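Here the structure is laid out as structure tokens; the discussion comes afterwards.
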Amino acid sequence: MHRLSAVLILAMAFALVPNASTAQVASIDLQTIIDDAAPGSIIDLAPGTYTGGATINKSLTITGHGWPVIDGGGSGTVIEVSAPDVTIENVVIRASGASLDREDSGISVLAPRVTIRNNRFEDVLFGIFLRTAPDSLISNNIVGAKDVFIANRGDGIRLWESPGSIVEGNNIEGGRDTVFWFTDRVVVRNNEISDGRYGLHFMYSDGATIEGNILSSNSVGAFMMYSRDVTIANNVMAENSGPSGYGLGLKDMDNFTLSGNRFVSNRVGLYLDNSPSSAGSEGWILENLFAYNQIGASFLPAVKHNSFSGNTFIDNVEQVGITSSGRFSGNAWSVDGRGNYWSDFAGYDADGDGIGDVSYRVDDLYNTLTDKYPDLAFFNETPASMAIDLAAQMFPVLRPEPIIEDSHPLVTRPELAPVHSLNGGSGFGLLIASLLMLAGGAAVALLPSRRRHSSKGRTLA
């Protein structure tokens, strides 16, 4: 394999410019280095600044040491990849253009089996954009954004028709969305995504696996639409508090499984809209934590064919709610005689089998009214709301039909498996820890088990 060292290019630049100093030498033209490389070469970039706007049209590897900077000069896409089997690693990608119409990007890929790993993206509109780039790998990158209004930003990572790709271990902060469209069998694992609009946004992407991610402080943690056979496991979705504020929203999804996820301090932890949508399809919501959300889980009244078991609902203002009017039915709140844990369950377990001997019902009058008339939420936790609930308890004729009934409620909170470790982050684990410690002695079992390293070099346990 050929190896072309950019150190030699830099030396030639000094030789050709009389009395040159480091401060006087212009950036090195990356396109020239690429054009001079044979297919299959490893281009080893030394520290320095390289001119972007380059196209990689042959299979090769660009690797840096000492964080060389590839600078787009604020115009167009910094690197475009049009050949398969290209690797770009250990470099800083900086200063793309700012045109949403042209989709200016840090790296844009139009070929299969491309690897983009261990890079830093700064001042870019779109960070990494794969279009028709199947079986690619995006791993352990730090992706920033341009300092503009959020609607004018591009997506931190976007995949279009790139099935079989893996996106793992990335830290994405301040972009618009992280988008996966028409991308089947994608694996999205151990990423941290914060301060954006949609942490994850899926459409028409079947067979996806989403696991071990932390989606925090976005308008919406994740929203998934028009897909089937999706597994969403062991993710943290917290402090997503935009106008919708969903930790996770599912619309027209079929045959999905949610397990081991933490929905913490969102406006709505989980939102289901016509999911599942097809005859014979099911949804499984198992062993998840819903804690300190405004609404733990919210549904459109027509949602059916979901099974809930082993979930933990702790101190949500409203444990379960429905949007608009209508009778909510057709979902199972226990599986094989095992229901869910509810922090406000006031029943008992006389035989000590861990299952409550009376059903848990969500039937409080005030929350039923706020579901139908959301503006009434202004009175949450006021004497007015308490008086309404007290009246319903004293006069059963006022009590509404229960929204849900769990006939086998758990009296002991289930333990959750630890969330996968992440590299990268902003210390959000401290917030998760403080919120969960409020739940009592077993909270440690619910914490993400990981060490995090911020871009500023701090380490947080």
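The values are calculated or read from the model by the stated rules, or taken from the named source; none is laboratory data. Owing to the predicted nature of the structure, the values given are computational and were not obtained by experimental measurement. Cβ: placed from backbone, ideal geometry, glycine included. Neighbour counts: every protein chain shown.
What do you reckon, is S329 in a strand (DSSP E or B) and either surrounded by fewer than 22 Cβ atoms within 10 Å (Cβ to Cβ) or free of Cβ contacts under 8 Å to residues at least 24 places away in the same chain (or both)?
Numbers: in a strand (DSSP E or B): no; either surrounded by fewer than 22 Cβ atoms within 10 Å (Cβ to Cβ) or free of Cβ contacts under 8 Å to residues at least 24 places away in the same chain (or both): yes.
When the stated conditions are applied, S329 does not pass them.
Can you tell me how many residues within segment 55-83 are under 20 Å from N141 (Cα atoms) and either in contact with a Lys or Arg (Cβ under 6 Å, 6 or more places away or on another chain) or among the hydrophobic types (A, V, I, L, M, F, W, C) (or both)? Even if it seems obvious, please write down each step before you answer.
If we filter segment 55-83 for residues that are under 20 Å from N141 (Cα atoms), which is where we start, we get 56, 60-72, 77-81.
Within this subset, residues satisfying the condition of being either in contact with a Lys or Arg (Cβ under 6 Å, 6 or more places away or on another chain) or among the hydrophobic types (A, V, I, L, M, F, W, C) (or both) are 56, 60, 62, 67, 69-71, 78-79, 81.
Here the count works out to 10.
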(message) Can you pull out every residue in segment 212-229 that is surrounded by 21 or more Cβ atoms within 10 Å (Cβ to Cβ) and not hydroxyl-bearing (S, T, Y)?
(response) G212, N213, I214, L215, N218, V220, G221, A222, F223, M224
(request) Within segment 97-111, count every residue that is crowded, with 17+ Cβ neighbours inside 10 Å, in contact with a Gly (Cβ under 9 Å, 6 or more places away or on another chain) and at negative phi. (result) 6
(request) Could you pull out the residue among R120, R94, R158, R189 that is assigned by TED's automatic domain parsing to the domain that holds V220, crowded, with 24+ Cβ neighbours inside 10 Å and not small (G, A, S)? (result) R158
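Has segment 203-217 got any residue that is in contact (Cβ under 8 Å) with a residue 40 or more places away in the chain and touching a His at 6+ places or on another chain (Cβ under 8 Å)?
yes
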(message) Tell me yes or no: at least one residue of segment 155-175 is part of a loop (DSSP other than H, G, I, E, B), touching a residue at least 40 places away in the same chain (Cβ under 8 Å) and in contact with a His (Cβ under 6 Å, 6 or more places away or on another chain).
(response) no
(message) Among the listed residues T382, T368, identify the single one that is modelled with pLDDT under 90, of a type outside the set (D, E) and buried (at least 17 other Cβ atoms within 10 Å of the Cβ).
(response) T368
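Of the residues in segment 108-129, how many are in a strand (DSSP E or B) and either of a type in the set (G, A, S) or under 16 Å from N171 (Cβ atoms) (or both)? I'd like the intermediate steps shown before the answer.
First, pick out the residues of segment 108-129 that are in a strand (DSSP E or B): 108-109, 115-117, 120-122, 126-129.
From what is left, the residues that are either of a type in the set (G, A, S) or under 16 Å from N171 (Cβ atoms) (or both) are 108, 116-117, 120-122, 127-128.
Of the residues in segment 108-129, 8 are in a strand (DSSP E or B) and either of a type in the set (G, A, S) or under 16 Å from N171 (Cβ atoms) (or both).
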(message) Give me the residue from segment 240-262 that is in a loop (DSSP other than H, G, I, E, B), touching a Lys or Arg at 6+ places or on another chain (Cβ under 9 Å) and of a type outside the set (A, V, I, L, M, F, W, C) and, out of that set, surrounded by the fewest Cβ atoms within 10 Å (Cβ to Cβ).
(response) P243
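Please tell me if L125 is under 22 Å from the mean Cα position of the chain (by Cα), among the hydrophobic types (A, V, I, L, M, F, W, C), modelled with pLDDT of 95 or more and farther than 17 Å from G52 by Cβ. Walk me through it before giving the result.
Values: under 22 Å from the mean Cα position of the chain (by Cα): yes; among the hydrophobic types (A, V, I, L, M, F, W, C): yes; modelled with pLDDT of 95 or more: yes; farther than 17 Å from G52 by Cβ: no.
Against the criterion (under 22 Å from the mean Cα position of the chain (by Cα), among the hydrophobic types (A, V, I, L, M, F, W, C), modelled with pLDDT of 95 or more and farther than 17 Å from G52 by Cβ), L125 does not qualify.
On the given criteria, is D44 under 34 Å from the mean Cα position of the chain (by Cα) and either outside any strand (DSSP E or B) or at pLDDT 50 or above (or both)? Before you say what the answer is, go through the steps one by one.
Details: under 34 Å from the mean Cα position of the chain (by Cα): yes; either outside any strand (DSSP E or B) or at pLDDT 50 or above (or both): yes.
Taking the combined requirement at face value, the residue satisfies it.
Does A23 count as at pLDDT below 50, over 37 Å from the mean Cα position of the chain (by Cα), surrounded by fewer than 19 Cβ atoms within 10 Å (Cβ to Cβ) and not in a loop (DSSP other than H, G, I, E, B)?
Working: at pLDDT below 50: yes; over 37 Å from the mean Cα position of the chain (by Cα): yes; surrounded by fewer than 19 Cβ atoms within 10 Å (Cβ to Cβ): yes; not in a loop (DSSP other than H, G, I, E, B): no.
Considered against the rule, which asks whether it is at pLDDT below 50, over 37 Å from the mean Cα position of the chain (by Cα), surrounded by fewer than 19 Cβ atoms within 10 Å (Cβ to Cβ) and not in a loop (DSSP other than H, G, I, E, B), A23 comes out as no.
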(message) Regarding segment 307-320, can at least one residue be identified that is assigned to a loop (DSSP other than H, G, I, E, B), in the same structural domain as I232 (by TED's automatic domain parsing), surrounded by fewer than 24 Cβ atoms within 10 Å (Cβ to Cβ) and touching a helix residue (DSSP H, G or I) at 6+ places or on another chain (Cβ under 6 Å)?
(response) no
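Conditions (1) at pLDDT 95 or above; (2) hydrophobic (A, V, I, L, M, F, W, C); (3) within 27 Å of G164 (Cβ to Cβ), marked per residue:
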position: N213; (1), (2), (3): yes, no, yes
position: V220; (1), (2), (3): yes, yes, yes
position: S244; (1), (2), (3): no, no, no
position: G249; (1), (2), (3): yes, no, yes
